[in-house]
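Below is one structure, written out as structure tokens; the observations come after it.
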Amino acid sequence: YAGVTKVEAGILSVANLATGGAGSAIGSYPTPGPAGLVLAAGTLRYTGAGITVDRGFTASGNATLDVSVPGAALALGACASADNPGTLNVTGGAGSSLALGEITIVEGAGMTLNPGTVSMTVASVKGYTSYPNSSSLTLGGAATGNVVTGSLYVQNPPASGYTQPLSV
């Protein structure tokens, strides 16, 4: 199928992922980025070998992403928050890691990333809102070596007229 995959409760366990438009255990959404996968609650458990794909996810509410294979490196594309605050708990096997592309914080939402046993890298963070809200990204958790490697910036929609802060 080519529709949006939503994880709203329970555990969705997948052993393969693919780039946008290609078939995988979470469908074949036609474009890369955050639109084809929504983590609204529950857990997405990745049980495959290390892989890099251009598909990301939209985080809405509190959810978990589990990179369960010890030593596996999972690299995903661009990600986004929904327009409400949420927390993404990141768990996994010993030595596993998660790399995310650019994270867009939408409409002044706040996103908290809590890597437990998994090291995490974020490419960049963008605050994006048409309202006078401030966007925030919190990189917490117990794992060490978590880092944002690129830019932190704000981009407002055309003609929004607002300047908003971004805090990380």
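The values are calculated or read from the model by the stated rules, or taken from the named source; none is laboratory data. Not measured: the values here are computed from a predicted model. Every residue, glycine among them, receives a Cβ derived from its backbone with ideal geometry; neighbour counts consider all protein chains shown. What goes into the accessible areas is simple: the full protein's heavy atoms, side chains included, and nothing from ligands, DNA or RNA. Shrake-Rupley method; radii C 1.70, N 1.55, O 1.52, S 1.80 Å.
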Packing-ranked peptide list from 143-156, 126-139, highest mean Cβ count within 10 angstrom first, is 126-139, 143-156
At the level of C-alpha centres, the distance separating the stretch 123-160 and the stretch 44-59, in angstrom, is 21
For the chain the mean separation of alpha carbon contacts under 8 Å (6+ apart) over residue count, i.e. relative contact order in percent, is 15
So Ile51 and Ala159, fully extended at 0.36 nm per residue minus their Cα-Cα distance, gain in nm 34.9 nm
Rounded to whole Å², per residue accessible area for the chain with a 1.4 Å probe reads 42
With all protein chains present, the chain has a carbon and sulfur share of its accessible area (1.4 Å probe) in percent of 55
